[in-house]
Amino acid sequence: MRYKTHKITLDPTFKERRWFAQQCGYARFAYNHALSDFKAGLDADNFQSWQTLNDNFNKIKKCYDWTSSQDQRAALYAIKNLGQAITNWVSKRAKFPKFKHR
C-alpha cells in the first residue's frame with residue numbers, strides 16, 4: 001500500500017511568527033507551573049491528576065495579566081502532555097518529567 005503525502009511549507013508573517021512564539025512560551029509556562037505543582041504535591045504525598053493541575057493553573061493564571069491574551073488551548077494541551085508524561089513515568093516507561101526551557 002502506498003501513502004500519498006503532501007508537504008506544506010508555512011510562510012508566516014512577522015505577526016504570525018510572534019504569535020506562534022508567544023503560544024510556545026505560554027505552553028512552556030503552563031507545563032513548568034503544573035510540573036512544579038505536581039512535584040510539590042508528591043512531596044506532600046498528594047498525587048494530582050492532570051485535570052487537577054489544569055484547574056490549579058486556571059486559578060493561578062488570573063494573577064498574570066498577559067495570559068488573558070493567550071490561547072487557552074496552548075496551556076490545556078501542555079498540561080495534558082504533562083499528564084501523559086506522568087503516566088509514562090508511573091508505568092516505568094520513561095523517566096520523571098523535566099522542566100522545559102527555551
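With the cut-off at 18 Å, tell me which of the pairs Lys80/Lys100; Lys7/Lys80; Lys39/Lys95 have Cα atoms farther apart than that.
Flagged as over cut-off: Lys7/Lys80.
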Structure-based [θ]222 nm, the chain - -39500 (n - 2.57) summed over DSSP H runs of at least 4, per residue, nearest 500: -20000 deg cm²/dmol
Three-way shape label, segment 31-102, alpha-carbon gyration tensor, a/c 1.5: prolate
Whole-Hz couplings from phi, Karplus 6.51/-1.76/1.60, listed for segment 74-80; x for Gly and Pro: 4, 6, 4, 6, 5, 6, 4
Whole-Hz ³J(HN,Hα) from phi, Karplus 6.51 cos²θ - 1.76 cosθ + 1.60, for segment 92-102, glycine and proline x: 6, 8, 8, 7, 4, x, 10, 5, 8, 9, 4
Ranked by how many other beta carbons lie within 10 Å on average, peptides 90-101, 24-35 from highest: 24-35, 90-101
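List the relative contact order of segment 31-102 as a percent without decimals, with contacts defined as Cα pairs under 8 Å and 6+ residues apart.
38 percent
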Rounded to the nearest 20 debye, dipole of segment 31-102 from Cβ charges on Lys, Arg, Asp, Glu: 360 debye
Furthest towards positive pole of dipole, Trp89, Asn58, Ser69, structure part segment 31-102, Cβ charges: Trp89
J(HN,Hα) series, segment 83-90, from Karplus relation 6.51 cos²θ - 1.76 cosθ + 1.60, nearest Hz, glycine and proline x: x, 5, 5, 5, 4, 5, 5, 5
Point-charge dipole on Cβ atoms (K/R +1, D/E -1) for segment 1-42, about Cα centre, debye to 20: 260 debye
Between 0 and 90°, nearest 10: helix 50-60 axis offset from the chain longest Cα axis: 90 degrees
Euclidean distance of C-alpha centroids, segment 1-64 and segment 82-102, integer Å: 14 Å
Relative packing of 76-87, 11-22, 61-72, which averages over residues the other C-beta atoms within 10 Å, highest first: 76-87, 61-72, 11-22
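Values quoted throughout were computed directly from the atomic coordinates according to the rules given, and no laboratory measurement underlies them. A quick note: this is a predicted structure, and the numbers were derived from the prediction, not measured. Ideal geometry is used to build each Cβ from the backbone, glycine not excepted, and the neighbour counts take in all protein chains shown.
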